[in-house]
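Would you mind keeping the following structure in view while I ask a few things?
The values are calculated or read from the model by the stated rules, or taken from the named source; none is laboratory data. Note that the coordinates shown come from a computational prediction; the quantities given were computed from them, not determined experimentally. Quick reminder, even Gly has a Cβ in these numbers, built from the backbone with ideal geometry, and neighbours come from all protein chains shown. The accessibility values were calculated without ligands, DNA or RNA, using every heavy atom of the protein model including side chains. Shrake-Rupley method; radii C 1.70, N 1.55, O 1.52, S 1.80 Å.
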Amino acid sequence: MSGPNKQYDPVEVATLDPAHLDAAVTAAFAAFAAAGSLEELKTARLAHVDKGAVAAAKREIGALPPSAKADAGKRVGAALAELGRALAARTVELEAERDRRILVEEAVDVTMPVGRRALGARHPLTLTTQRLQDAFVGMGWEVVEGPEVESEWMNFDALNLGKDHPARQMQDTFFVDPPDGGLVLRTQTSPVQIRTMLDREPPIYVVSTGKVFRTDELDATHTPVFHQIEALAVDKGLTMAHLRGAIDHFVRVMFGEGTRTRVRASYFPFTEPSMETDFVCFACHGDGRTNDAPDGAPELLRACRTCGGSGWIELGGSGMVNRKVLTACGIDPDVYTGFAFGLGIERALQLRSGVTDMRDIVEGDVRFSQQFGMEV
Amino acid sequence: MRIPLSWLADHVDLAPGATGRDVAAAFVSVGLEEEDLHGGDVTGPIVVGRVLSFSDEPQKNGKVIRWCTVDVGPHGQMESERIAQEIVCGAHNFEVGDLVVVVLPGAVLPGGFAIAARKTYGHVSHGMICAEDELGLGTDHAGIIVLDTYLGADAAAEVRPGDDAIALLGLAEEVVEVNVTPDRGYCFSVRGLAREYWHALGSPEGGFRDPAAVPTPAPSPTGYAVELTDETPLEDRTGCDRFVTRVVRGVDPTRPSPAWMQQRLTQMGMRPISLAVDITNYVMLAVGQPLHAYDLAKLSGPIVVRRARPGEHLTTLDAVDRTLDPEDLLITDGGEVPLALAGVMGGATSEIDASTTDVLVEAAHFDPTTIARSSRRHKLISEASKRFERGVDPDLAPAAAQLVVDLLVEHGGGTADPGVTDVDRTSRRAAYLLEVDLPSRLVGHRYPRERVVEILRDLGCTVVDGSVVDASDGPKGAHVLVTSPSWRPDLVDGPDYVEEVARVNGYDNIPSVTPTPTRGRGLTHAQRVGRLVANALVGRGATEVLTYPFVAESLADAFGLAADDERRSATRVANPLSDEAPLMRTSVLASLVEALRRNVSRGQKDIAIFELGSVTLPGPDSEHTAPVPGVERRPDPETVAAIEAALPRQPRHVAVVEVGEAERAGWWGPGRAVDWSDLVDAARAVAAALALELTVEADPDHAPWHPGRCARISLPDGTLVGHAGELHPKVLATLGLPPRTCAAELDVEVLTVASASATRFEAFSTFPLAFTDVALVVDAVVTAAEVETALRSGAGEWLESVTLFDVYAGDQVGAGLKSLAYRLAFRADGRTLTTEEVNGFRDAAVAAASAAVGAVQR
Ligand SMILES: [Zn+2]
C-alpha cells in the first residue's frame, strides 16, 4: 500500500486504479458471503468497508489533481454504494438465519402430557334439563320451580288424586313425619303447576322441572329420586290439537326434524281427555329391527334395543287439564281450557346418550359427568 | 287383562285373518296399551303319551330320576325304531297308565327352547314329559301334567296316545294381554274387551254379541233372605247397593269343570280349582262381575251385609286370620258369623269343598271406595277387589248369576231353585246435558252432530235430543241428553264424553297445531344464577355430581354440630327406604361427602366435586300441619298461607368438596395440594360470576370446618353467604374421608337476591398506574383482612388495589409478630400521580394501619 500523495505532482496512485478497486470490491463481496454470523459480518465490514482498499482509495482522492478528482470520486462512491448494498443484504440474510436458529433451539416436545389443572364438567342430567328448558323457552314458554318437600294438597288433592288414590298410599310416596302432617316429598312436578295456576292469571305457558321422589329401591332401571319436566298451558280456546302440536314441536327439537308421533287414549286423574304419545324410534326409524352385522358382513337383524322392537318410544302422558283441577285453582273451566304433558328427564338422557344403568346417573362418580363436559 | 283370540271371537267378529299382533294393535288404537302377547310360539311335535313303564333311579346328587317308556302312538321312536319312546323324567306325580304330554325331539317350546334327544343321567332321553309352565300354560312346576286330572276323566277318556297336544291344550292359540287404565274397569272382562275391539273396527252393525245378554228371572219372595245394612257409609255411599242370590241344589261335587273351561282359565292366567269355583271365575272373566259360591249347607241364617265391628276377626280363604276394621264391609251369616270380606275375599267357614252339593251363588255390587280401602288395608288384592274398586256394572248381577246357574246345571248336574233374590238399592244414573259442539271445540277437530250421536250410541249411551231442557241456552239442538251405559261409571261430565268421541273416532285423527305463546320472558334471574354458579365452578375444574338428599341421624354428631345448631333440626321421612338415612339434608355438604367417599373408594385421588340443590330447613320448632282443603273451589288465601307456612324453608345451596392436588405434579415440577384458600377462591369465583364482592372473616366456631381454617363468607352488608375452608380433622376421621379435605357451602338464594339488580357500569381511568410496596409488622393474631381494611381506609380515593405478596414470621420480626408485605397500586382519574403524592398516600395508609391494628412499618 502506498502512502498519501503530499505533492501536487501527479504520481501513480495504485489504490485508485479501476482494476485495483474492482478487485477490492470482489474481495469484500467474498468476505461478506463467507461471514457465517452477524459477528463475522461485522469483522468483514471493518476489514473491507471501514478500512481496507476501498477506504484507502477514498482517502487518496484528495491527492489527485482536480481534473482527476471527479472521475475517481465517482468510481469510489459507486464501489462504496455497492458494498453498502451487499452488506445490508447479507445482514438481512444472517439475521433471518439467526432468528431461525433461536426458534429451533427453543423447540420443546409438545407431546409431553399436560393437565396441570383439573378440568370440570356438568352433570349430564342437569345439562339435559337445561336443554329441555331451553327448547321450551325457545317456544315462548317459561320455566317454573317449586319445593321438593310439598303439601299433600298441592301434590295430590288439587291434582284430582283423591284420598283413596293408590298413589297416595305408603308404598309409593315418601311421607314427612308425622305421616298425618299433610306433607310429602313430591311424587311429581305437577304441584308446581298448581302453584302456578294459583299465582298467575291465564294465559299460562310454563314448564316445571325438578327432583321428584318415589319409594323405589335403586336398581338399573329405578331410582327413588329422579327428575321430571312437565308442561302446562292454560288459555282461551286451547284444544287437544294444540297439545299434540306442542308435543310434536318438542319432539322435533329433542329428537330431530321429521320425528313422527302417534297418540292414543289413556287415563290420568289430572287430565280429561288424556293421551299417551309415542314417537318413532330414532335408532331403527320405526322398523323395530336393527342390523347388528359389521360393515360388509351379511345382514344380522335383531330387535332394536332402543325401542324393544316395537318401533315406537313412549314419550309420556298428557291431556287436557281436568276441569276439577282448574276449579281447585280458581280458574273458570268454562272460560279457559288447558293441557299438560310430562316426561322423565332420566329417560330423556338415557335415550339421547345411551346411558343404560340408572345407577351411573345417581352415584356421583366423576367419570360419569366428565364424559359429557358442558353439553349433552 | 288377557284375552284368547278364540274367546274374543265368540263375542265379536274378528277382522279377517287377524293375528294376535293385529288384535293388540286394534286395542292400542282405542287406548288399551299392549302389555304382552302369549302363546302361538309353540311348534310340534307335542303329543299325548301313555306311560307304559318306569324305574326310579337314585342319582349321586341325591335326585331320583324316572327312566320311562311312553306310548306316543305312531310318532318318535315308534316311527324310527319301532319301540316305545324312552324319556328321562324328574317328576314323580304319575303312575303307569297315566296320560301325559310328551314333547318330542324337534319341538320348540315357549321362549325358543328347541327340544332334541340328549344324553342325561346315563340314558338318551328322547324328549320330555311336560309341566304346565314349560308349555306356557301357567306357572305350576310342582309336577308334570297328568291329563286325567288336568282335563277331567270324561275329557281324558276321549284322547289317545299320539293325539296332537298342541290342539288339545290350545297351545297354538294366541292370547293378547292389555293394560287396563283405572277408569275402564269394564275392560277387566271379555265383554268389555270385545266391545272395545268392536269399536276399533268401527262398531259394525251386529258385530258385537254381549255375553251378558241372557234372560233373567224376576226376583221372587222365595229367594234366600238377604239384608243390606250400613250405618256408616263412606262418603255417603252405602257399602252394598245390590245383592243377587241364586241357589243350585244337587250339584255333583266329583265332577270336574269341562276341559275347555279349564283351558280358558289357564290361558287367562288362573288356576282351575273345582267346578263351582271355576264357573264363578269363568263368568267373572266373561262379563266382569265378581261372584262368590257358598256351601249352602254351611249357612244357617239370612245373609246380612254390614260393616265390621271393632275387634272382629275373619279367616279368609288364604288361611290368614284378619283383624277387621269398622270400615270393612262384611257378608255375614245371620248378622253374626262373618262369611266374607265383601268384594275382596271369601272366608274359610263357608268354603265350597269336596262334599258340597247345594251352592248359594252371590252376585253383588259394592262401593268402590269401601273395597279399595279394605283391599289396601289388608294388603289383599284379589280378582274381585281389582274389579270392584274400578267399578263394576251395577246392572250386571242378575245376568252373571244366571250364567253361573246355567253352567252349574249343565256341568254339575244340579237343579236351579226357582227362588231368586235381588235386593236392588242402586240409584238411577243422572243424564248429562252434552253440548254437541264440545268434542269439536275441545279436540280441535270437526265432529258432526250425527257422528257424535252415533259414537255415543255405539258406546251404549242413551242419547235423546236435549232441546226440551236446553231452550234457555243456545240454539235448539245444541245439546243432547246423554245417559251413560251401566258399565261406564267413569262417564260423568263433558270432557269424559269428549274423550270417548275422540277415542272411538281415532286419536290419530286429532290434528297437530303448534300453540304460539307470546309473553315468554326467558329464564328467570334465579334460573340463570343456578347455571352461572355451576358453570363458574366447572371453570375452576370442579365436576358436578348428584346425590340423594337423604342423610343419617348420626351425621349431625359426626359433623360436630352444636346442640343448638339450626342444621340439627331436620325434616324426617316417615317411611324412609333405609332407616340409616331417614332425614332430609340440612346442608348439601351432608350428602356430597358420600359422593366424595365413593370416588375415593373407586381410586380417585385428586377430586373436586360440587352439587347445586335444595336443603330442607324446618327450623327448631316445626310441628306444623298443612291443611288439606277441599277442591270444589280455590282455597282461601289464609288456607294457602297456612299450607305455605307448614312447609320447611328449602333454599338452594351449592357445596364444593376438594381434596388431593389443586395443581398436579408432573414433568414440570411438584404439584400443589388443595388447601383452604382454594375453597375461598371458589366462593370468590362464584361471586365474581355474579359481579358480587365478598367479605371474608375467620370463623373459629362453625362445624364441620377446622376452627382455625374456616372462612365466614358474607356480602359487604354482612349478610351470610356461607363458609369455606378445610374440614375439621376429627370430622374427616369420623367419616373416613381423606385428611385435609376442604369444602365450601354457599347459599345460592342469598347470591340470587344480591345479584338481582342490573350491575351499574363505573368509568375507569386510563392514566398510568403507580405502585408502592410496604412491609408491616403486626401482632400474629391480627388478620390479613383487618390490616387490609385499615390500609384501604387510609389510602385515599385513588387506591386501586392492595396485594398481599409476602407473609413472614420468624427471628427477624420477633416472637409473636409477623410481617405482611403489601403492594399498593394507585391511579387517579384524569391525571398522572406524582411520586410525592403516592408516597403521601402510602404513609397515610400505614398510619391508618398502625392506628387500627398497631402495624409498624419495617
Ligand atoms: Zn327402535
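Taking Cα atoms of segment B:250-365, Rg/Rh with Kirkwood Rh, to two decimals?
0.99
Starting with the highest mean, order B:61-72, B:494-505, A:67-78, A:128-139 by the number of other Cβ atoms within 10 Å, averaged over the residues of each peptide.
Descending mean neighbour count gives B:494-505, A:128-139, B:61-72, A:67-78.
P(r) tail for segment B:489-628, what percent of Cα pairs lie past 26 Å?
Value for segment B:489-628 (Cα pairs over 26 Å): 55 percent.
Whole number please: convex hull volume per residue of the Cα set in segment A:10-105, in Å³?
69
In nanometres, what is the gap between the two model label sites at residue B:83 and residue A:332, each 7 Å from Cα along Cα-to-Cβ?
For the pair residue B:83/residue A:332, the computed spacing is 9.2 nm.
Next question. Within segment B:680-707, what residues put their amide N at less than 17 Å from the label point 7 Å along the Cα-to-Cβ vector of residue B:793?
Residues B:695-698 qualify, since their backbone N sits under 17 Å from the label point.
Over segment A:124-370, give the accessible area per residue in Å² for a 1.4 Å probe, as an integer.
Here the residues of segment A:124-370 average 35 Å² of exposed surface.
If you plug each phi of segment B:185-194 into the Karplus form 6.51 cos²θ - 1.76 cosθ + 1.60 with θ = phi - 60°, what whole-Hz ³J(HN,Hα) values come out, in order, with x for Gly and Pro?
Rounded to whole hertz, the list is x, 5, 7, 7, 7, 4, 4, x, 5, 5.
Over segment A:181-222, how many percent of alpha carbon pairs lie in each 5 Å bin up to the one with the longest distance?
Cα pair-distance distribution for segment A:181-222, in percent: 5, 18, 21, 19, 15, 11, 6, 4, 1.
Here's something else I'd like to know. Restricting to Cα pairs below 8 Å that are 6+ residues apart, what does the relative contact order work out to for segment A:10-105? Please round to a whole percent.
36
Computing the accessible area with a 1.4 Å probe over protein heavy atoms, can you report the carbon and sulfur percentage for segment A:205-309?
In segment A:205-309, the share of accessible area belonging to carbon and sulfur is 46 percent.
Rg(Cα) of segment B:765-858 divided by 2.2 N^0.38 Å?
1.09
If you stretched the chain out fully between residue B:318 and residue B:493, how much longer would it get, using 0.36 nm times the residue separation minus the C-alpha to C-alpha distance?
Length difference between fully extended and current span is 59.0 nm.
Starting from the Cα of residue B:116, step 7 Å along the direction of its Cβ; do the same at residue A:262; then give the gap between the two resulting points in nm.
Going from the residue B:116 label point to the residue A:262 one covers 3.9 nm.
Quick one: work out Rg over Rh on the C-alpha atoms of chain B, Rh as Kirkwood radius.
1.15
Compute for chains A and B the buried accessible surface, both sides summed, probe 1.4 Å, and express it in Å² to the nearest 100.
Separately minus together, A and B give about 8500 Å² buried.
Applying a 10 Å radius around every beta-carbon, put A:257-268, B:166-177 in order of their mean neighbour count, most first.
Answer by packing, highest mean first, reads B:166-177, A:257-268.
Further question: Under the rule of -39500 (n - 2.57) per DSSP H run of 4 or more residues, summed and divided by the residues of chain B, what mean residue ellipticity at 222 nm is obtained, to the nearest 500 deg cm²/dmol?
That calculation yields -8000 deg cm²/dmol at 222 nm.
Let me ask you something else. Which of the cysteines in chain A are isolated, no other cysteine C-beta under 4.7 Å?
Cys with no partner Cβ under 4.7 Å: A:329.
Once each part is reduced to its C-alpha centroid, what is the distance from segment A:128-192 to segment B:292-353 in angstrom?
Between the Cα centres of segment A:128-192 and segment B:292-353 lies a distance of 40 Å.
Using only Cα atoms and rounding to the nearest 10 degrees, what angle (0 to 90) does helix B:494-505 make with the longest principal axis of chain B?
The helix B:494-505 is inclined about 70 degrees to chain B.
Pull up all non-local amide H partners of residue B:65: gap of 5 or more, or a different chain, and H-to-H distance under 5 Å with H placed in the peptide plane.
Counting only residues 5 or more places away or on other chains, the set is B:57, B:59.
Could you tell me the relative contact order of chain A? Use alpha-carbon pairs under 8 Å, at least six residues apart, and round to a whole percent.
Reported relative contact order: 15 percent.
Which angle between 0 and 90 degrees, to the nearest 10, do you get for helix B:275-287 versus the longest principal axis of chain B when only C-alpha atoms count?
On a 0 to 90 degree scale, this one is about 60.
As a test question: what accessible area, to the nearest 10 Å², does residue B:602 have when a 1.4 Å probe is rolled over all protein chains in place?
100
Roll a 1.4 Å probe over the protein heavy atoms and report the accessible area of residue B:86 in Å², nearest 10.
In the full protein context, residue B:86 sits at about 60 Å².
Once R0 is set to 35 Å, what does the formula 1/(1 + (r/R0)^6) return for the Cβ-Cβ distance between residue B:437 and residue B:508, expressed as a FRET efficiency to the nearest 0.05?
Efficiency, rounded to the nearest 0.05: 0.95.
Roll a 1.4 Å probe over the protein chains and send me the accessible area per residue for segment A:10-105 in Å².
59
Per residue, how much accessible area does chain B have with a 1.4 Å probe, in Å²?
44
Mind checking the mean number of beta-carbon atoms from other chains within 10 Å of the Cβ atoms in A:244-253?
3
Pop out the ³J(HN,Hα) list for segment B:237-248 in order, Karplus 6.51 cos²θ - 1.76 cosθ + 1.60 with θ = phi - 60°, rounded to Hz; leave Gly and Pro as x.
Working through the residues one at a time gives 10, 5, x, 9, 10, 7, 8, 10, 10, 9, 10, 10 Hz.
Post the alpha-carbon centroid distance, segment A:75-127 to segment B:366-410, in whole angstrom.
That distance is 91 Å.
When the Karplus curve 6.51 cos²θ - 1.76 cosθ + 1.60 is applied with θ = phi - 60°, which whole-Hz ³J(HN,Hα) does each residue of segment A:53-65 get, with x for Gly and Pro?
Ordered by residue, 3J(HN,Hα) equals 5, 5, 4, 5, 4, 5, 5, 5, 4, x, 7, 7, x Hz.
For segment A:238-282, list residues with backbone N below 20 Å from a point placed 7 Å from the Cα of residue A:291 toward its Cβ?
Residues A:281-282 fall inside that zone.
Another one. For segment B:451-547, report the convex hull volume of the alpha-carbon atoms normalised per residue, in Å³, without decimals.
254
Under the Kirkwood approximation for Rh and a Cα-based Rg, what ratio Rg/Rh is obtained for segment A:108-215?
1.22
Would you list A:287, A:357 from the most to the least accessible area, probe 1.4 Å?
Listed by decreasing accessible area, they come as A:287, A:357.
How large are Rg and Dmax for segment B:260-310 when calculated on the C-alpha trace, in angstrom?
For segment B:260-310, the Cα-based Rg and Dmax read 14.4, 45 Å.
Still on this structure, I have one more. Quick one: ranking B:119, A:163 by accessible area, 1.4 Å probe, largest first, what do you get?
Highest to lowest solvent-accessible surface, that is B:119, A:163.
Beyond 60 Å, what percent of the Cα pairs of the protein assembly as shown remain?
Percentage above 60 Å: 38.
Something else about it: If one takes the longest principal axis of the Cα atoms in chain B, at what angle in degrees, from 0 to 90 and to the nearest 10, does the Cα axis of helix B:637-646 lie?
Orientation of helix B:637-646: about 80 degrees from the principal axis.
Which residues' amide hydrogens lie under 5 Å from the amide hydrogen of residue A:373, considering only partners 5 or more residues apart or on another chain, with H built in the peptide plane?
A:122
Let me ask something else about it. With all pairs of different alpha carbon atoms counted, what Kirkwood hydrodynamic radius in Å does segment A:218-376 show?
Taking every pair of different Cα atoms in segment A:218-376, averaging 1/r and inverting gives 17.9 Å.
Sticking with this one: How far is it, in nm, from the label point at residue B:449 to the one at residue A:98 when both lie 7 Å from their Cα along the line to the Cβ?
My value for the distance between the label points is 10.4 nm.
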